Amino acid sequence: MSTQSKECRLTVGGCVNSVLAQARLRILIVGNGIAGSTLAALLYQHGETPVVVERGSKDDAGGYALGLYPLGARVLHGLGMYRRYRQISRRMERYILHESTGDVLKEFPLAEFTDRYGDIRGVDRGLLLALLRSTVPQENVFYNTTVQHIQNNPHGAVVTFSDGSAHEFDLVVGADGMHSEVRGMIFSQNEFAYKATGWGGWGVWRSLEGFDEATYRELWADGWFIGLYPVQNKLAVFLGGNKKELSTTTAAEFVEMLRKKLPAGILHSALQSLEGLDDAYFWDMEDCRATQWFSKRVVLLGDSSTAFLPTAGIGASMAMNSASVLADELSRTDVEYLALALEKYVVRQKERVELAQKNSRFLAKLMFQNSLSTSVVRNYLVKMYSLQGLLKGIGKIMR
Ligand SMILES: Cc1cc2nc3c(=O)[nH]c(=O)nc-3n(C[C@H](O)[C@H](O)[C@H](O)COP(=O)(O)OP(=O)(O)OC[C@H]3O[C@@H](n4cnc5c(N)ncnc54)[C@H](O)[C@@H]3O)c2cc1C
């Protein structure tokens, strides 16, 4: 057995040696989520050999429903994945907003948006991740692995992995999500800020039977909301509310309370036969923004640079879009001009990403109303909005 393969059996750093043997650029991607897996697939297609480390295990591609705008999904055309994506996702045709009584407040046909820009589709995050991860060779990806330390130098970043081994890279991409550890290792506390809304909630699944697979529905009330998001064969049900109110309640108790509030109808029916209610994960409705996206040989991508509230359903699309811009800039540089490529990536993306985040924050302001009086005013205002008005910032980015 060669020294290298012996070493490879023992450490991540050792295995990386052989993966990077012929590399033009030695790139490490931390996080194999939406942003990281899109970037890895694109780089691999361009002939690079990126190394990816992922904290989770190979089989645990955590899933909830994602709405994808063409802004993100169109990346899949170039990757030769679009046909498969169409099979595993569902096209959305309308968004129906309900008030607290369960009555329809307003229906927004999506055609005015989709006719111009392309489909908005609902997809299970786990299926999308499996698709995005399907082209990069297994030996490039290390699951159950994190990064312990990064020594960020002007001409290379020396990374120590969770198994204690180390390797030097030309570039480290922090694609490790909203609570990015890479960001925490490189940037100071005053270079990024979380923004809390005081709201949160549980995402659970149920059967799609009896529900329209082309309709997103949300109910906005005072202090609580319900969202129904179809994907292939399943309906994601999101139950949200003011965190103070929810802190003394379990997901099952909250559902019981909502069942009593709501008269018979589509939303009441959606609260029957929910799966996984007892161990449902509680999502904090917060986001995050970093003022700096790169430093020397470490760059942030996706939620680690700018994280999104789920209110506009744009976070995953933006992450894929940014991954395509970064891959493009990396394909146009050699190691000598890497810093310039990173500058160009930031110039092309930061303002657009922040505009989308602003749009998501605006929707959160409308949605997360705690009192009856302000929610009455909100409902009155929302009736006057068009879809274009609600998604004004996102519309600008699409153009
Ligand atoms: C409830 C909810 C609903 C949402 N709905 C939508 C929607 O409908 N549409 C939409 O576009 N967006 C939605 N979003 C936002 C969307 O999920 C994110 O914006 C998107 O996933 C960002 O991609 P990312 O790759 O940056 O982060 P993630 O997809 O979170 O991926 C980060 C990856 O990094 C890994 N990781 C974390 N730490 C480490 C570490 N230290 N070392 C190695 N790996 C690590 C994680 O395991 C994960 O695989 C929603 C978010 C929430 C919370």
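Overview of values
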| read-out | value |
| --- | --- |
| Built amide H within the under 5 Å cut-off of residue 98, gap 5+ | 105, 218, 219, 220 |
| Simple Cβ-charge dipole of the chain, Lys/Arg +1 and Asp/Glu -1, about Cα centre, in debye nearest 20 | 900 debye |
| More than 24 angstrom apart: percent of Cα pairs within segment 235-336 | 47 percent |
| Reference-scaled alpha-carbon Rg (2.2 N^0.38 Å with N residues) for the chain | 1.02 |
| Sequence ranges 18-25, 123-130, ranked by mean other-Cβ count within 10 angstrom, highest first | 123-130, 18-25 |
| Residue-averaged [θ]222 nm for the chain, counting only DSSP H segments that reach four residues, each worth -39500 (n - 2.57) | -11000 deg cm²/dmol |
| Separation of the residue 57 and residue 151 label points, Cα + 7 Å toward Cβ, nm | 3.4 nm |
| Net charge of Cβ neighbours under 15 Å - reference residue 281; Lys, Arg +1; Asp, Glu -1 | -4 |
| Protection proxy ranking, peptides 155-164, 103-112, 26-35, 293-302, average beta carbon neighbours within 10 Å, highest first | 26-35, 293-302, 155-164, 103-112 |
| Listed residue (153, 16, 117) projecting farthest to the positive dipole end of segment 1-154, Cβ model | 16 |
| Inter-site label distance for residue 340 and residue 163 at 7 Å from Cα along Cβ, in nm | 3.8 nm |
| Packing-based ranking, highest mean first, of 217-225, 376-384 given that Cβ atoms within 10 Å are counted | 217-225, 376-384 |
| Among 65, 42, 398 the positive-end extreme of the charge dipole of the chain (Cβ point charges) | 398 |
| Only Lys, Arg (+1) and Asp, Glu (-1) charged, at Cβ; segment 124-257 dipole about Cα centre in debye | 160 debye |
| About the Cα centre, charge dipole magnitude for segment 12-105 (Lys/Arg +1, Asp/Glu -1 at Cβ), debye | 440 debye |
| Charge context of residue 263, other residues only, Cβ under 15 angstrom, K/R +1, D/E -1 | +1 |
| GluC sites (Glu not before Pro) restricted to DSSP loop in segment 151-210 with at most 14 other C-beta within 10 Å | 209 |
| Exposure proxy ranking, count of Cβ atoms within 10 Å, fewest first, for 367, 257 | 257, 367 |
| Signed unit charges on C-beta, dipole axis of segment 246-293, positive-most listed residue 255, 290, 266 | 266 |
| Choice from 291, 146, 215 with maximal GNM fluctuation in the chain (Cα, 10 Å cutoff) | 291 |
| Point-to-point label distance, residue 256-residue 179, nm (Cα→Cβ direction, 7 Å offset) | 2.9 nm |
| DSSP bridge orientation in the chain - percent antiparallel, rounded to nearest 5 | 75 percent |
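Just so you know, all these numbers are worked out from the coordinates, no wet-lab data involved. Values in this document were obtained by computation on a predicted structure and should not be read as measured data. All Cβ positions, even for glycine, are placed from backbone atoms using ideal geometry, and neighbour counts span all protein chains on display.
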